[in-house]
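A short write-up of the structure that comes next.
Taken together, the values in this text are just the output of simple stated rules run on the coordinates, not laboratory data. What you see is a predicted model, and the numbers here were worked out from it, not measured in a lab. Cβ placement follows ideal geometry from the backbone for every residue including glycine, while neighbour counts extend to all protein chains displayed.
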Amino acid sequence: MGSIPTLGSTTSGTVVGMSQEQRRPRREPIQRGSSINSTMSIVIAVVAVLLGFLILRDIRGGGNTAPAATEGETSETVVTDTVPVETTVAVTIPLTAFKIQIANASKVAGSAGQLTTELQGRGFIVQPAMNASEPTPKLTATVVYYLPGSEGQAALVAAELGGVATAVMPAPIPTETGKLGEASILILLGTDVAGKPLASPVPTVPVAPAVVDPNAPTTVAGG
């Protein structure tokens with residue numbers, strides 16, 4: 001017959017098994033919920049700090065302030081079509097800046113000398129009068145001839161004579177000597193001007209600018 005285990009042997013085996021289980025370390029459950037909460041708290045704190053920084057920057061900067069131009073940037077200029085405007089500039093020619101020669105082609109005796117005296121009295125420099133060249137026919141219309149570059153002086157003299165014609169100096173020069181001396185303007189006198197007094201020059205009266213009183217009441221049309 002087999003041996004029957006005694007009570008003492010059974011008790012000792014049970015005690016040994018229990019002591020081994022007590023020696024094994026117990027694994028504690030991982031606290032997942034607490035670590036997730038900590039991470040969310042950190043993220044929320046960082047977002048709050050960033051939002052606070054952005055709001056503070058907008059308050060200090062005014063919010064509506066336009067960004068300043070950086071160095072190196074150039075502003076664009078829009079050019080529209082322009083319409084040229086002609087301006088007339090009055091040029092004053094001194095009467096003593098040129099000389100005049102009068103040649104009588106009217107066949108009216110003494111008319112060239114008379115015109116010389118009148119023009120000298122108005123400030124022109126006129127050389128002694130002479131006759132036109134023999135081939136020159138009798139003229140009924142006075143002509144003011146000029147050397148190249150003296151167009152303005154010729155126009156001034158022609159206006160003084162009542163608006164006679166002007167033309168470039170012909171060749172040969174139609175004077176009895178065939179020369180002009182120091183003159184650049186030649187008046188070939190015709191019967192339209194010979195022996196007749198020149199028209200009185202129109203006096204120029206300077207106009208004073210109007211003075212506006214800044215304290216004067218203003219009137220608005222339709223008021």
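How big is the C-alpha Rg of segment 95-189 next to the rule-of-thumb value 2.2 N^0.38 Å, as a ratio?
Values: Rg = 11.8 Å, N = 95, 2.2 N^0.38 = 12.4 Å.
For segment 95-189, the normalised Cα radius of gyration comes out at 0.95.
So, by mean Cβ neighbours within 10 angstrom, what's the order for 43-56, 92-105 with the highest one leading?
92-105, 43-56
Tell me the relative contact order for segment 95-189 as a rounded percent, counting alpha carbon contacts under 8 Å between residues six or more apart.
40
Could you work out how much longer the chain between Glu118 and Asp192 gets when fully extended? Use 0.36 nm per residue separation minus the Cα distance between them, nm to one decimal.
Length difference between fully extended and current span is 25.0 nm.
Could you list Thr142, Thr39, Thr136, Thr166 in order of exposure, starting from the residue whose Cβ has the fewest other Cβ atoms within 10 Å?
Thr39, Thr136, Thr166, Thr142
Could you rank the peptides 154-162, 121-129 by their average count of other C-beta atoms within 10 Å per residue, with the highest value first?
Numbers: 154-162: 18.4, 121-129: 14.3.
By packing density, highest mean first, the sequence is 154-162, 121-129.
Share of antiparallel DSSP beta bridges in segment 95-189, in percent to the nearest 5?
Expressed as a percentage, antiparallel bridges in segment 95-189 total about 30.
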